[in-house]
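Student: Below: one structure in structure tokens.
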Amino acid sequence: MYQLIQDEVDFLVISKSANVHFHSQDGEAGVVARVESDLNLKLYPVHRLDTLTSGLIILAKSSEVAAHFTRLFSAHKVQKYYLALAMGKPKKKQGWVIGDMAKSRRSQYKLLRTTQNPAVTQFFSLSVADGLRLYLLKPLSGKTHQLRVALASLGCPILGDAVYGGESADRGYLHAWQLGFNYQGQNYQFCAEPTQGELFDASWVKQQLAQWTPVANLPWPKSKA
């Protein structure tokens, strides 16, 4: 269900498995409840991942620490990097996806042309196999389903994401790969490579991740046009 990445005095960092609920539902304990039970701690989530998404999550050990992290996230001082795989050719291979988001039919959200309170995502992508692309995504906001909607808006829904029309796969191919922030004067950088999914396990993914490290030094697109 999860892997404990780091246990600090004020917070934990875990890597959630794919297809695991964040909160308890349907009579099944979510990942937060499971960690609390395993470690006999009361924990305070400061951000979340969708059920299909795997990867890094910060869990605070007090409400005061949670409030501090909430301020960091609100001020865009927590750097988050995700990996995704999708079929097809995107409308653009790198750049920005920007727009307000609104609820759509069923459990979907949609990207709007307006930008009053927009979801903002930077991304790189490259072809890794016939018709398949690997994406490195950097969300600069924290909207529900933001990255899933961003790729769907490019015409390339995430592989295994049935809600947004992604092609069938052994998992939803979205993974929270890296987290970076400064807490009480100390810089923290966490990385958790995906461990589930036949395609994430391919050698060409591992080779590309090595080339994308460190992510902060990559030539991220500057223009929002």
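Student: Would you point out the residue of segment 93-124, among those that are modelled with pLDDT of 90 or more and basic (K, R), that is nearest to P221 (Cα to Cα)?
Tutor: So, considering only residues that are modelled with pLDDT of 90 or more and basic (K, R), the one nearest to P221 (Cα to Cα) is K93.
Student: Mind listing whichever residues of segment 148-164 are farther than 13 Å from L85 by Cβ and part of a helix (DSSP H, G or I)?
Tutor: Our first condition is that a residue be farther than 13 Å from L85 by Cβ; within segment 148-164, this holds for 149-150, 152-155, 162-164.
Answer for segment 148-164, where residues must be farther than 13 Å from L85 by Cβ and part of a helix (DSSP H, G or I): V149, A150, A152, S153, A162, V163, Y164.
Student: A further question on this structure: For segment 68-106, enumerate the residues that are touching a Leu at 6+ places or on another chain (Cβ under 8 Å), surrounded by 13 or more Cβ atoms within 10 Å (Cβ to Cβ) and in a strand (DSSP E or B).
Tutor: Those that are touching a Leu at 6+ places or on another chain (Cβ under 8 Å), surrounded by 13 or more Cβ atoms within 10 Å (Cβ to Cβ) and in a strand (DSSP E or B): Q79, K80, Y81, Y82, L83, A84, L85, A86, M87, V97, G99, M101.
Student: Answer yes if at least one residue in segment 122-145 is touching a Ser or Thr at 6+ places or on another chain (Cβ under 8 Å), of a type in the set (F, W, Y) and without any contact (Cβ under 8 Å) to a residue 60 or more places away in the chain, and no otherwise.
Tutor: yes
Residue-by-condition table, conditions (1) over 17 Å from the mean Cα position of the chain (by Cα); (2) surrounded by 14 or more Cβ atoms within 10 Å (Cβ to Cβ):
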{"residue": "H23", "(1), (2)": "no, no"}
{"residue": "D38", "(1), (2)": "yes, no"}
{"residue": "L49", "(1), (2)": "no, yes"}
{"residue": "T53", "(1), (2)": "no, yes"}
{"residue": "A66", "(1), (2)": "yes, yes"}
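Student: Oh, and also: Anything in segment 1-30 that is under 18 Å from G142 (Cβ atoms) and either out of contact with any Leu (no Cβ under 8 Å at 6 or more places or on another chain) or assigned to a loop (DSSP other than H, G, I, E, B) (or both)? List them, or say none.
Tutor: F22, H23
Student: Could you check, for segment 140-147, whether at least one of its residues is open to solvent by 10 Å² or more (accessible area, probe 1.4 Å), among the charged types (D, E, K, R), in a loop (DSSP other than H, G, I, E, B) and under 20 Å from R48 (Cα atoms)?
Tutor: yes
Student: For segment 165-191, name all the residues that are closer than 22 Å to T213 by Cα and part of a loop (DSSP other than H, G, I, E, B).
Tutor: Of everything in segment 165-191, just one residue is closer than 22 Å to T213 by Cα and part of a loop (DSSP other than H, G, I, E, B), namely Y173.
The values are calculated or read from the model by the stated rules, or taken from the named source; none is laboratory data. All figures in this text were calculated on a predicted structure; none of them were measured in a lab. Every residue, glycine as well, gets a Cβ built from its backbone with ideal geometry; the counts of neighbours run over all protein chains shown. The protein model used for the area step is the full one, side chains on, heavy atoms only, and it has no ligands, DNA or RNA in it. Shrake-Rupley method; radii C 1.70, N 1.55, O 1.52, S 1.80 Å.
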